[in-house]
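Notes follow once the structure below has been shown.
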């Protein structure tokens, strides 16, 4: 998997301020199960959504869109490489990012359910990306102040990419919602499909609570209101109504996934599992 470019000083202003103020004075968190789990959550989110977007390559409705979605996928796969390699280091059992990506079974993945949902049509893909990238961008904004050096520096770099993801998804949501009757209907249907997975993004369990308590991870509950307000603003510009609240679907963070993830992993992991000794 490709890796992100090295973090440059000009790309990490927030993280640099954190170092200068001593925010990284917290004890090392190596071999920490909560930290390992959190790195998997972030890395698996990026990996699975990147794989989903990559499925559009050669199938998008226009060449411009095809290239855009491919670039979004590459950004996310690069982020996943960074996060899963760090997770392997944290685990200390000799697994690197490739081993975690290609040689774990479906029940070992910790991505949220939203990112594993099928692409559907282009409108549903945009709806999914609007809901996820808005959340991811808000998370990364707060993660730049983490007491965990790696997470803070990662967020300072990745936030620039995700700001573009969020902007692109919002612009397409408006174009589709405020476009033709057909495009508006499809966008509304896409939102309705994805809406039930939003609550999981703000779920806090014991593992995450431990990281929040020591300043390593932000509490997503603290920006849920801002998130919903931001989504409502985009939908207002798109002349779309937010779907009615639905029974939340949870479980991805605990390894309880839909059948869709198993099909995705079967395709994604086929070659590395068939030829485990191969080197690319």
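Quick notes on this structure:
- For region 104-114, the criterion of being buried (at least 16 other Cβ atoms within 10 Å of the Cβ), in contact (Cβ under 8 Å) with a residue 12 or more places away in the chain, farther than 18 Å from residue 220 by Cα and in contact with a helix residue (DSSP H, G or I) (Cβ under 9 Å, 6 or more places away or on another chain) is met by at least one residue.
- Only listed residue being crowded, with 22+ Cβ neighbours inside 10 Å and outside any helix (DSSP H, G or I), chosen from 217, 170: 217
- Single residue of region 58-88 satisfying the filter (farther than 24 Å from residue 137 by Cα and free of Cβ contacts under 8 Å to residues at least 24 places away in the same chain) that is surrounded by the most Cβ atoms within 10 Å (Cβ to Cβ): 88
- Candidate set: region 220-242, residues that are buried (at least 18 other Cβ atoms within 10 Å of the Cβ) and more than 20 Å from the chain's Cα centre (by Cα); chosen: the one farthest from residue 203 (Cα to Cα): 238
- Matching residues in region 256-280 - criterion: being in a loop (DSSP other than H, G, I, E, B) and exposed (fewer than 15 other Cβ atoms within 10 Å of the Cβ): 256, 275, 276, 277, 278, 279, 280
- Residue count, region 92-103 (criterion: surrounded by fewer than 21 Cβ atoms within 10 Å (Cβ to Cβ), in a helix (DSSP H, G or I) and in contact (Cβ under 8 Å) with a residue 12 or more places away in the chain): 2
Values in this text are rule-based calculations from the coordinates and carry no lab data. Note that this is a predicted model, so its numbers are computed, not measured. As a convention, Cβ positions derive from the backbone with ideal geometry for all residues, glycine included, and neighbour counts pool all protein chains shown.
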